[in-house]
Amino acid sequence: MKSVSRSRRTGLGALGLVAFVALWEISLRLGLLPGNLVPLPSAIPTVFWGEVVDGIWWEVVSSSLSHYSVGVAIGSLAGIAMGVAAALLPVFDALHAWLARLLRPIPPLAWIPFAIIWFGITPSAAAFIISIGVFWINYFASYSAVRAVDPGYDEVARAFGQGSLLARLTKVSLPAAAPGILGGLRAGLGQGWMTVVAAELFGIPGIGQRMMEASGLLATDIVVVYMLTIAALYALFDLGFLHLQKRLLIWTP
Amino acid sequence: MDTLTAERNADACVLKAHDLALGFGGQRVLEHVDLRLAPREFIAIVGASGVGKSTLLRALCGLLPAVAGERWLDESPRDGARPWSMVFQAPRLFPWRRIRANVALGLEGLGLSREERQRRALAPLELVGLGDMPERFPSTLSGGQQQRVGIARALAVKPRVLFMDEPFSALDAITRRRLQNELIDLRQRTEAAIVFVTHDIEEAVLLADRVMVLGGHQGGAPARVIDTLEITLPTDNRREHADFGAQVHHLETLIGAVPEAS
């Protein structure tokens, strides 16, 4: 396959996007798409501005962000801690291996009933559901990253008086596994947005709830505004994290 | 036992092994190893691959437990130093640490301040000729430079015994020759006794005061010490010495002419 230069890729990407939106707009105006089911792209900015002026946009976004950040923080920390511990402590690993295999396939949304029973219709319930998906991603990423660390490094640590579990954890396992652990964190940041909307569908204020309201009124333009909001927030977080990752992994060639 | 060895026995000693046996899972791979190492002495351990040289090295420093026998290393405490350290076959630097921090690894946990460790790491780096790049990451160094950092890391802790596990075998011929010469120079500037494992007999004769030959493991029998040879050549320009080739040849026949184990 012929490769495409970087600048050409950017140009083609923009062209594809513009063409898609233009086709969408024209199809609606020509009556090829039903206007009550699909909003007009050119109307989106005005609707977005309306949401901002009413103060609704900021209210639901900040509410979702708070569920998101609490859920992602708890899920990431717990996932990394458990994954690293399982990789370093064979007995602990064996003890919960079956339990992990049992719980792993349960989708985060299947925990909604328990979230409501345990936390009620509260922001904590949404954070709990978000944290579950994030937990598993970080758990498995950290586990395999630590397991893949060259055992030669452990021997070096022992040969230079750094053989204690704590010293090996902080001076070998964590820095050596950092690329894999950070990769898991990044995937978790994405997974968090996947569940944030669903976690709010049962009445917890946030982007998800606002989208449900809008769909009830057939306000498809408002739904699209929040779909794009999520895409933008995800891109922002991902970009920020990439920047941080680059700084932390300055040593990788 | 010749008189020189007897004399050494009476002197100070930094490492001793008596009737040491090594093995894995109930199977002995090496047995009846006796060794006494004097301060600043350089002993090379040679033998065919699979004879257990690296295993013996790890048992002598204590990284691996022995199956039987005794092993003693002078571990009496000294400020800011460790009893022993090791140079590995692959440099095994921590890629996430800068050169200086790699060299300082063994200095951590010795009660030195951060500034002290940073300062102490610089001297051995200068000794191996890399004093001008302490802030670089290992991935930016050549294989030879990385192994030099590995040597600096081992020297930084001022070890009584320096264990070297085929440290030059992964390097190209030119770099290997250069590092061998540097090691000969280095011996004048370190207090450490050296235990050096190699499969290269020329290298052993070039560097060591004594060469311990392992073998006799044909037919599944555990290996043992076939012979220990004093190298009587002067330290300088050994390669050019008239007897160099003869000593190498003698060792080669020794390794090649191993009788079947009974």
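Here are the numbers:
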{"item": "Residue within the range B:67-87 that is more than 14 Å from every other protein chain (Cβ to nearest Cβ), free of Cβ contacts under 8 Å to residues at least 24 places away in the same chain and among the small types (Gly, Ala, Ser) present", "result": "yes"}
{"item": "Residue check, A:Pro105 free of Cβ contacts under 8 Å to residues at least 12 places away in the same chain and over 24 Å from the mean Cα position of the chain (by Cα)", "result": "no"}
{"item": "Every pair of residues 6+ apart whose Cβ atoms lie under 6 Å, when the first sits in the range A:240-253 and is over 15 Å from A:Leu185 (Cα atoms) while the second is assigned to a helix (DSSP H, G or I)", "result": "A:Pro253/B:Ser139"}
{"item": "Any hit, the range A:92-106, residues being more than 14 Å from chain B (Cβ to nearest Cβ), touching a Ser or Thr at 6+ places or on another chain (Cβ under 7 Å) and either buried (at least 16 other Cβ atoms within 10 Å of the Cβ) or not basic (Lys, Arg) (or both)", "result": "no"}
{"item": "Filtered residues of the range B:179-193 (kept if assigned to a helix (DSSP H, G or I) and either free of Cβ contacts under 8 Å to residues at least 60 places away in the same chain or of a type in the set (S, T, N, Q) (or both))", "result": "B:Leu179, B:Gln180, B:Asn181, B:Glu182, B:Leu183, B:Ile184, B:Asp185, B:Leu186, B:Gln188"}
{"item": "The range A:45-81: number of residues that are surrounded by fewer than 17 Cβ atoms within 10 Å (Cβ to Cβ) and more than 16 Å from the chain's Cα centre (by Cα)", "result": "13"}
{"item": "Options B:Arg36, B:Arg98; residue that is touching a residue at least 24 places away in the same chain (Cβ under 8 Å), within 14 Å of chain A (Cβ to nearest Cβ) and surrounded by 15 or more Cβ atoms within 10 Å (Cβ to Cβ)", "result": "B:Arg98"}
{"item": "Some residue of the range B:158-165 being free of Cβ contacts under 8 Å to residues at least 40 places away in the same chain, in contact with an Asp or Glu (Cβ under 8 Å, 6 or more places away or on another chain) and away from chain A (no Cβ under 12 Å)", "result": "no"}
{"item": "Single condition A:Ser3 does not satisfy, out of (1) under 27 Å from the mean Cα position of the chain (by Cα); (2) free of Cβ contacts under 8 Å to residues at least 40 places away in the same chain", "result": "(1)"}
{"item": "For B:Ile194: the one exception among (1) outside the structural domain of B:Asn102 (by TED's automatic domain parsing); (2) crowded, with 19+ Cβ neighbours inside 10 Å; (3) more than 30 Å from B:Thr253 (Cα to Cα)", "result": "(3)"}
{"item": "Residues located in the range A:86-144, provided they are over 18 Å from A:Gly184 (Cα atoms), polar (S, T, N, Q) and either in a helix (DSSP H, G or I) or not assigned by TED's automatic domain parsing to the domain that holds A:Ile204 (or both)", "result": "A:Ser124"}
{"item": "Subset tally (residues that are within 19 Å of A:Glu213 (Cα to Cα), touching a helix residue (DSSP H, G or I) at 6+ places or on another chain (Cβ under 7 Å) and of a type outside the set (Phe, Trp, Tyr)) for the range A:57-66", "result": "3"}
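The values are calculated or read from the model by the stated rules, or taken from the named source; none is laboratory data. Owing to the predicted nature of the structure, the values given are computational and were not obtained by experimental measurement. As a convention, Cβ positions derive from the backbone with ideal geometry for all residues, glycine included, and neighbour counts pool all protein chains shown.
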